[in-house]
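Peer 1: One structure coming up, written as structure tokens, with questions to follow.
Just so you know, all these numbers are worked out from the coordinates, no wet-lab data involved. Note that the coordinates shown come from a computational prediction; the quantities given were computed from them, not determined experimentally. Counting neighbours? That spans all protein chains shown, and the Cβs are built from the backbone with ideal geometry, glycine included.
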């Protein structure tokens, strides 16, 4: 079958569509769902601008078929903000000037988000390693690293505040 | 970039997957992590009539020691190797290798079986598995078949797998005491294929001489290469500076790379020599000083 009925949970909401076998996940997000936060950069599995979370793990959505994601959960940059409030990783990029042109930012945010979910207090080296599959064409890596560190500190503060409250 | 049209199948069982491969003997491909296959289809360097996705078949992702082997399920992701304490402490060659394949995002989808079954001598696991003297388990209509890694790679993008077989497991002999391994890779940037790389696995005897050694070279010819002369030379010798120098010289001489933008033939052979020497030194050190488990 070249056409498939699929349902993918995107940022918590189930999205169903009939798609071609060859439709890439990034095209499903951008064109079928009109969610253009996820960017297409190189289209050759190098740059990471198209990074989304697939069941919580960051992957390059230009190198996943939509049909492969059927029944799975996808989180995009649109899913970070909650109730009008930026996620600490987004705020970190704002505070630390973690973007210049902004093209790589959706991918950097998703990779940074996934890193902090797995490793709440990463070393600078661990951050560098984690984002090594995401290219910043402005070469603004130093501030990107500071942004992730800013977010790590903010999340730690949130955790401590919630522990004290409990 | 969009691949040419194809049909996609998502079987729930191995039997169903093998049946699909049998129904389309000339134009079906197995889709594992897709991190080599999808870029190839997107760039239209290849096309396929039917993709058989093995991602929904349960029981193909595992890492466990059993019956004298480390068994790796064919669909085990590279990221699973990186996050395994067993692999980090007991199979440092595999750990080293997984950490330098493509980039962390790709490794969340790319699979160990796919890295081998793609048959690309520029991939990293082929050299590793040669050094580890692994076996490949193929499952087909007739059941299970075990293939020695030395018989597995048959040409550029060509392996011993039949068109209706699926790589379901990789078996690596559980290393004896005083064994160490290392993978050293030179790459221009994260995500590029190796300019040169060398995988070494060796076991020392009680005197400290090399009891057995496996050496594999990445991107050193049309098929993944075992540096046989270097292995033969080093076996039974003290791994002192002189022996390491001679073994790595033999490994560099065995490399048959082709010139490209990563370098000339001479440069790549020289890098294969240097990296082999470094990998031997690290492997010896690890054989003598096992990697400790992280304290809890």
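Peer 1: What average count of beta carbons from other chains do you get within 10 Å of the Cβ of residues in B:38-44?
Peer 2: Working: counts 9, 7, 0, 2, 7, 3, 0.
Mean partner-chain Cβ count within 10 Å for B:38-44: 4.
Peer 1: A further question on this structure: Treating only the Cα positions of segment B:1-156 as identical point scatterers, give the base-10 log of I(q)/I(0) from the Debye formula at each q in 0.10, 0.11, 0.13, 0.19 Å⁻¹.
Peer 2: -0.36, -0.44, -0.62, -1.36
Peer 1: So, one more: When ranked by the protection proxy of mean other Cβ atoms within 10 Å per residue, highest first, what sequence do the peptides A:116-122, A:104-110 form? Write out the running numbers ahead of the final one.
Peer 2: On the way: A:116-122: 14.9, A:104-110: 26.7.
Packing proxy ranking, top to bottom: A:104-110, A:116-122.
Peer 1: To continue, here is another question. Tell me what chain B gives for mean residue ellipticity at 222 nm when only DSSP H runs of n ≥ 4 count, each as -39,500 (n - 2.57), the sum divided by the residue total, rounded to 500 deg cm²/dmol. Spell out each step's value before the answer.
Peer 2: Numbers: 12 runs with 103 residues, N = 296.
Rounded to the nearest 500, it is -9500 deg cm²/dmol.
Peer 1: By per-residue mean of other Cβ atoms within 10 Å, what is the highest-first order of B:92-100, B:49-57, B:282-290? Write down the numbers at each step before the final one.
Peer 2: Details: B:92-100: 25.0, B:49-57: 20.0, B:282-290: 18.1.
My ranking of the peptides, most packed first, is B:92-100, B:49-57, B:282-290.
Peer 1: Whole Å is fine, so just give me how far the alpha carbon centre of segment B:208-240 lies from that of segment B:81-113.
Peer 2: Their Cα centres are 22 Å away from one another.
Peer 1: Quick one: compute the contact order of segment A:80-131, relative version, from alpha carbon pairs under 8 angstrom and 6+ residues apart, as a percent. Working shown, then result.
Peer 2: On the way: 21 pairs, mean separation 13.7, N = 52.
Computed value for segment A:80-131: 26 percent relative contact order.
Peer 1: Right, here's the next one. Radius of gyration and Dmax for segment B:140-296's Cα atoms, expressed in Å?
Peer 2: Every Cα atom of segment B:140-296 included, Rg and Dmax give 17.1, 51 Å.
Peer 1: Using the per-residue mean of other Cβ atoms lying within 10 Å as a proxy for protection, in what order, highest first, do the peptides A:90-99, A:10-19, B:109-118 fall?
Peer 2: Ranked from most to least packed, the peptides come out as B:109-118, A:90-99, A:10-19.
Peer 1: Next up: Quick check on the exposure proxy: order A:32, B:128, A:66 from fewest to most C-beta atoms within 10 angstrom. Don't jump to the answer; show the numbers that get you there.
Peer 2: On the way: A:32 14, B:128 32, A:66 25.
So the ranking, lowest neighbour count to highest, is A:32, A:66, B:128.
Peer 1: Same structure, new question: Can you give me the P(r) profile for segment B:187-277? Cα pairs, bins 5 angstrom wide beginning at 0, each as a whole percent.
Peer 2: 3, 16, 26, 22, 14, 10, 6, 2, 1, 0
Peer 1: Suppose we take every Cα in segment B:169-229 and form the convex hull; what volume per residue is that in Å³?
Peer 2: Values: hull volume 7.7 nm³, N = 61.
In segment B:169-229, the Cα hull volume divided by residue count equals 125 Å³.
Peer 1: Restricting attention to the alpha-carbon atoms of segment A:35-83, what are Rg (one decimal) and Dmax (integer), both in Å?
Peer 2: 10.8, 35
Peer 1: Shifting gears a bit: Taking a quarter of the surface of the Cα convex hull of chain B, what do you get in nm²?
Peer 2: 15.7
Peer 1: Against the globular-protein guess of 2.2 N^0.38 Å, express the Cα radius of gyration of segment B:76-136 as a ratio, rounded to two decimals.
Peer 2: Against the empirical 2.2 N^0.38 Å value, I get 1.01 for segment B:76-136.
Peer 1: For the protein assembly as shown, what does the alpha-carbon gyration tensor say about shape, rounded, prolate or oblate, given a ≥ b ≥ c as the root eigenvalues, a/c under 1.5 as rounded, and a/b over b/c as prolate?
Peer 2: Numbers: a/c = 1.82, a/b = 1.31, b/c = 1.39.
Oblate is the answer for the protein assembly as shown, as a/c is 1.5 or above yet b/c matches or exceeds a/b.
Peer 1: Next question. Would you work out the Kirkwood radius for segment B:7-93? I mean one over the mean of 1/r across all pairs of different Cα atoms, in Å.
Peer 2: Numbers: mean 1/r = 0.0680 Å⁻¹.
For segment B:7-93, inverting the mean 1/r across all distinct Cα pairs yields 14.7 Å.
Peer 1: Send over the semi-axes of segment A:11-59's equivalent ellipsoid, whole angstrom and largest first, taken as the square roots of 5 times the C-alpha gyration tensor eigenvalues. Numbers along the way, then the final one.
Peer 2: Details: eigenvalues 64, 38, 22 Å².
The equivalent ellipsoid of segment A:11-59 has semi-axes of 18, 14, 11 Å.
Peer 1: Per 0.36 nm of contour for each residue apart, how much would the distance between residue B:64 and residue B:151 grow if the chain were fully extended, relative to their Cα-Cα spacing? Mind showing how you got there, number by number?
Peer 2: Details: separation 87, 0.36 × 87 = 31.32 nm, distance 2.41 nm.
Extra length from residue B:64 to residue B:151 when fully extended: 28.9 nm.
Peer 1: Percent relative contact order of chain A, based on C-alpha pairs within less than 8 angstrom and at least six residues apart?
Peer 2: Working: 291 pairs, mean separation 37.2, N = 166.
Averaging sequence separation for qualifying contacts and normalising by length gives 22 percent for chain A.
Peer 1: How do B:246, A:164 line up, fewest other C-beta atoms within 10 Å first? Before the final figure, lay out each step's value.
Peer 2: Values: B:246 16, A:164 7.
With the fewest neighbours first, B:246, A:164 line up as A:164, B:246.
Peer 1: State the percent of C-alpha pairs, over all pairs in segment A:59-135, separated by a distance greater than 14 angstrom. If you can, show how the numbers build up before the last one.
Peer 2: Working: 1959 of 2926 pairs.
Looking at segment A:59-135, the distances longer than 14 Å represent 67 percent of pairs.
Peer 1: Set the Förster radius R0 to 56 Å, insert the Cβ-Cβ distance between residue B:15 and residue B:245 as r into 1/(1 + (r/R0)^6), and round the FRET efficiency to 0.05. Don't jump to the answer; show the numbers that get you there.
Peer 2: Working: r = 53 Å, r/R0 = 0.94.
Computed FRET efficiency for residue B:15 and residue B:245: 0.60.
Peer 1: For a test of the definition: using alpha carbon positions, the gyration tensor, and the 1.5 limit on a/c, classify segment B:94-209 as rounded, prolate or oblate.
Peer 2: On the way: a/c = 1.99, a/b = 1.14, b/c = 1.74.
Cα axes put segment B:94-209 in the oblate bin.
Peer 1: Shielding by partners for A:57-66, please: the mean number of other protein chain Cβ atoms within 10 Å of each residue's Cβ.
Peer 2: Numbers: counts 7, 4, 8, 9, 1, 4, 12, 5, 10, 1.
Mean number of neighbouring Cβ atoms from other chains: 6.
Peer 1: State, as an integer percentage, the relative contact order of chain B based on alpha-carbon contacts under 8 Å between residues 6 or more apart. Let's see the in-between values first.
Peer 2: Values: 686 pairs, mean separation 48.2, N = 296.
Computed over chain B, the figure is 16 percent.
Peer 1: Given a Förster distance of 30 angstrom, what is the FRET efficiency for residue B:89 paired with residue B:259, based on the Cβ-Cβ distance and rounded to 0.05? Before the final figure, lay out the partial values.
Peer 2: Numbers: r = 39 Å, r/R0 = 1.31.
Once rounded, the FRET efficiency stands at 0.15.
Peer 1: What's the average, rounded to a whole number, of partner chain beta-carbon atoms within 10 Å of each residue's beta-carbon in A:39-50? Before the final figure, lay out the partial values.
Peer 2: Working: counts 0, 1, 0, 1, 5, 4, 12, 8, 1, 5, 0, 1.
The mean count of partner-chain Cβ atoms within 10 Å per residue comes to 3.
Peer 1: For chain B, with a Gaussian network of springs between Cα atoms less than 10 Å apart, report the residue from B:71, B:83, B:171 with the top mean-square fluctuation.
Peer 2: Highest fluctuation among the options: B:83.
Peer 1: On average over all directions, what projected area in square nanometres does segment A:1-121 have, based on the convex hull of its Cα atoms?
Peer 2: On the way: hull surface 30.9 nm².
Projected area, direction-averaged: 7.7 nm².
Peer 1: Most exposed first by the Cβ proxy, i.e. fewest other Cβ within 10 Å, how do A:139, B:203, B:232, B:179 rank?
Peer 2: Details: A:139 9, B:203 18, B:232 12, B:179 22.
The order, fewest Cβ neighbours first, is A:139, B:232, B:203, B:179.
Peer 1: Right, next: Taking one equal scatterer on every alpha-carbon of segment B:155-194, how large is log10 of I(q)/I(0) by Debye at q = 0.14, 0.17, 0.22, 0.30 1/Å?
Peer 2: Values, matching the q order: -0.72, -0.92, -0.93, -1.00.
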